Amino acid sequence: MKQNLLIIIWTFLPLLTVGQKIELTGTVVDSTDQLGFPMAKIELIKNDSTLLTTKTDFEGHFKIDNLKGGFYRLNIRAIGYPEIEVTKLNLTDESNDIKIELTNPIELEPVDIEWKYFTIIDSTGTIRCVKKTE
């Protein structure tokens, strides 16, 4: 009888763990106005290997699902801000939600763009290359 019970347990044990997938959701916001930051790059790292890369939507939200429990690291890169690293992110529950605040914006220098030629499409649909006149 004990042997049959063990066989049944070992047969169905993997089925119990199949449905235990973990989800990580979050929002990346600017710390001054608390508005979501679009198109920030999120890297999910485990054991010094990047598992996946995603970007925030236009409201600053991101979602990563089908994860296993354990410790992870996140790297967040957003234009105009220093890189942020979230270490020892422990995912244990089925659903995890985090908020990441971007602080200390980087002062970017203005850029002068010089051009000699540009392309236009006129009203007839003709593509023309126009040279800058000095």
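The values are calculated or read from the model by the stated rules, or taken from the named source; none is laboratory data. These figures come from a predicted structure and were not determined experimentally. Heads up, the Cβs are rebuilt from the backbone with ideal geometry, glycines too, and the neighbour counts pull from every protein chain shown.
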Odd one out for Ile8 among (1) among the β-branched types (Val, Ile, Thr); (2) over 21 Å from the mean Cα position of the chain (by Cα); (3) modelled with pLDDT of 95 or more = (3)
request  = Give the stretch 73-93 a look and list any residue that's in contact with a Pro (Cβ under 8 Å, 6 or more places away or on another chain) and buried (at least 16 other Cβ atoms within 10 Å of the Cβ), or say none.
outcome  = Tyr81
note = Scanning the stretch 57-72 for residues that are crowded, with 17+ Cβ neighbours inside 10 Å and in a strand (DSSP E or B), the one nearest to the chain's Cα centre (by Cα) turns out to be Phe62
Close pairs (6 angstrom Cβ cut-off, 6 or more residues apart or separate chains): under 30 Å from Gly80 (Cβ atoms) in the stretch 110-128, outside any loop (DSSP other than H, G, I, E, B) anywhere = Phe118/Val130; Thr119/Cys129
inquiry  = Take Asn96 and tell me if it is assigned to a strand (DSSP E or B), of a type outside the set (Lys, Arg) and exposed (fewer than 13 other Cβ atoms within 10 Å of the Cβ).
reply    = no
task = Determine, yes or no, whether Asp57 is at pLDDT below 95 and either closer than 30 Å to Pro110 by Cβ or touching a Ser or Thr at 6+ places or on another chain (Cβ under 6 Å) (or both).
result = no
request  = Tell me, please, whether a residue that is among the aliphatic types (A, V, I, L, M) and assigned to a strand (DSSP E or B) can be found in the stretch 106-113.
outcome  = no
